[in-house]
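The values are calculated or read from the model by the stated rules, or taken from the named source; none is laboratory data. Here the structure is a predicted model, which is why all the values come from computation and not from measurement. Cβ sites come from the backbone with ideal geometry, for glycine too, and all protein chains shown count toward neighbours.
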């Protein structure tokens, strides 16, 4: 059953063909709330679009968990690593050791990190090293070790010439130059002891976040698991902070819209004081008058927020699918401005709309309820 | 905090719908204070049709607002339906205005966003009656006041007389015991005023009402059973036909 308050509020908000001023006031508040909600949805979608792209690239290019010896210890020997590989065929398990080297190309030499990987049978460089030495797959590369060997010309760094088999990706924000080689080559260049860590990587990048928890109970004492989130904590924390701060800033638009709603509800209460007085005389209690104006405010907030959220979501989807906002290649990691509408963002925007409308309605509702109905009845 | 129900004042006869004793009401404060009602005593018994007359500013509307529970007296005692009105909570006063008292005002006869039928149904909707049932009851009242053909019209499509007839229908739709009318013919021409008064008299009789009508129109007032002339400090009974 539709209550009389809903009927009156609905008539004020929607059936306004007879009172153009009230209609205009309500429409302005409605439009402001809708625009605020739309701006918030677009902003959150944009942030989520960029951030999900970054998170996806992190998962596609980096390791998903790392097993490290606890402080003061080394990775234990034994067959636990083989067992881990056997139990988790969905994971790529790589024991890694290494150290600092120099890499020499035809255009010069750059310091790099050498990673000796037990499962690797070829030589890989990452994109940073490839770019700095202007090399690619098939190029020749000289790796110079800090170990010295005696030559007729005196002590010289130990060097190995290798052919680059592949260029690997880099994680967003990672500017280290890295060369990855088989363990045998690494041992020849550096005095490697046992593995310093074990890198875990799921074949499906989407599983990156759960790799650590999957292996947590299967590792020996003295070894700790560093999860994907912990490995990338600085970047992920920065992304979260960015989203919160920008979201908060744009949410101020909703505050402005709410202030507009407050002013318009106050105007509406003043304009309708005779009607409210009449309703009071007919038996509407002050508490129900207060509820009527809260309903009006919430109606504008809910409908405006809903419309703005829908409009923002649709616009974001269109912009993303049509790739309407291209980005220069080579400068950004994506080819177009990405938008991603999430259920969380939609719920958050609707909640902010309702909360803003409720807060904006409190004062006018209280004032309308407190107003002496005789003022309205005397007023013509 | 819930308040106790109003106490029954058995000392007065059950037939008295309104009894005021030493009723005082003023507005403003300090030197600007104006005492409008200065110790009014009056009684209206069940089934009476009483006209309240007097010069402008003497407090006729104020008296009606006090009786209609739209305002509270500064001093004095007001008994409605044998209950002490001062003991009623805000919610109870609203409930009584909705169920036991019908109002007709000079201005603001109808709500502009609602059709005539919806306006007439408004007290029932406020009482929580389902819309369909409320509109059905309102339709009967609209028919009774002779506006059946205009029931879907909005107030700005009705004449002043039609609006006031609608207001009378609205005042009676919840079957109140007491009808209060504050200069209901004040905005009407003589013909419409006469017609509206005819309607009030007819409904007063047919629906067993007790009516208190404030008016400047002595001719119309003389058609009531009793005329109370208000002077601010006293109520003089100038005519009693019954």
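Mind telling me which of the residues B:135, B:141 ends up being more than 29 Å from residue B:60 (Cβ to Cβ) and assigned to a helix (DSSP H, G or I)? Give the derivation first.
Numbers: B:141 fails: more than 29 Å from residue B:60 (Cβ to Cβ).
Just a single option satisfies the conditions, and that option is B:135.
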field: Residue, modelled with the highest pLDDT, within region B:99-125, restricted to residues that are farther than 20 Å from residue B:145 by Cβ and at the interface with chain A (Cβ under 9 Å from one of its Cβ atoms)
entry: B:99
message: residue A:269 - would you say it is assigned by TED's automatic domain parsing to the domain that holds residue A:360, part of a helix (DSSP H, G or I) and surrounded by fewer than 20 Cβ atoms within 10 Å (Cβ to Cβ)?
response: no
- request: Return yes or no: is residue A:281 surrounded by fewer than 17 Cβ atoms within 10 Å (Cβ to Cβ), within 14 Å of another protein chain (Cβ to nearest Cβ) and at pLDDT 90 or above?
  value: no
- prompt: Is there any pair with a first residue in region A:302-331 that is without any contact (Cβ under 8 Å) to a residue 12 or more places away in the chain and a second that is surrounded by 15 or more Cβ atoms within 10 Å (Cβ to Cβ) and outside any loop (DSSP other than H, G, I, E, B) whose Cβ atoms are under 8 Å apart and which are 6 or more apart or on different chains, and what are they?
  reply: A:326/A:336; A:327/A:336
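Do any strands (runs of 3 or more DSSP E) lying entirely in region A:152-214 carry at least 1 residues that are farther than 12 Å from residue A:123 by Cβ and at pLDDT below 90, and which ones are they?
Values: elements: A:154-163, A:166-168, A:178-182, A:197-202.
Of the strands (runs of 3 or more DSSP E) lying wholly inside region A:152-214, those with at least 1 residues that are farther than 12 Å from residue A:123 by Cβ and at pLDDT below 90 span A:154-163, A:197-202.
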message: Within region B:68-75, does at least one residue satisfy the condition of being facing chain A (nearest Cβ under 8 Å) and more than 15 Å from the chain's Cα centre (by Cα)?
response: no
- prompt: If you go through region A:83-100 one residue at a time, do you hit one that is in contact with a helix residue (DSSP H, G or I) (Cβ under 6 Å, 6 or more places away or on another chain), touching a residue at least 24 places away in the same chain (Cβ under 8 Å) and assigned to a loop (DSSP other than H, G, I, E, B)?
  reply: no
- line: Within region B:76-98, restricting to residues that are touching a strand residue (DSSP E or B) at 6+ places or on another chain (Cβ under 8 Å) and either in a helix (DSSP H, G or I) or facing another protein chain (nearest Cβ under 10 Å) (or both), the one that is nearest to residue B:172 (Cα to Cα) is B:97
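When you go through B:69, B:80 one by one, which is the residue that is farther than 20 Å from residue B:208 by Cα, at pLDDT 90 or above and surrounded by 19 or more Cβ atoms within 10 Å (Cβ to Cβ)? Working first, answer last.
Working: B:80 fails: farther than 20 Å from residue B:208 by Cα.
Result of the check over B:69, B:80: B:69.
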task: Check whether at least one residue in region A:9-17 is surrounded by fewer than 18 Cβ atoms within 10 Å (Cβ to Cβ) and away from chain B (no Cβ under 14 Å), and report yes or no.
output: no
Criterion violated by residue A:248 - all others in (1) buried (at least 17 other Cβ atoms within 10 Å of the Cβ); (2) modelled with pLDDT under 90; (3) under 30 Å from residue A:351 (Cβ atoms) satisfied: (1)
field: Scan of region B:86-127 for residues that are farther than 19 Å from residue A:4 by Cβ, surrounded by 20 or more Cβ atoms within 10 Å (Cβ to Cβ) and out of contact with any helix residue (DSSP H, G or I) (no Cβ under 8 Å at 6 or more places or on another chain), ordered by number
entry: B:106
query: Does residue A:283 satisfy being in a loop (DSSP other than H, G, I, E, B) and within 30 Å of residue B:127 (Cβ to Cβ)?
result: yes
query: Which number in (1) at pLDDT 90 or above; (2) within 14 Å of chain B (Cβ to nearest Cβ) marks the one condition that residue A:258 misses?
result: (2)
- prompt: Which condition breaks for residue A:372 when tested against (1) over 30 Å from residue A:58 (Cα atoms); (2) more than 14 Å from every other protein chain (Cβ to nearest Cβ)?
  reply: (2)
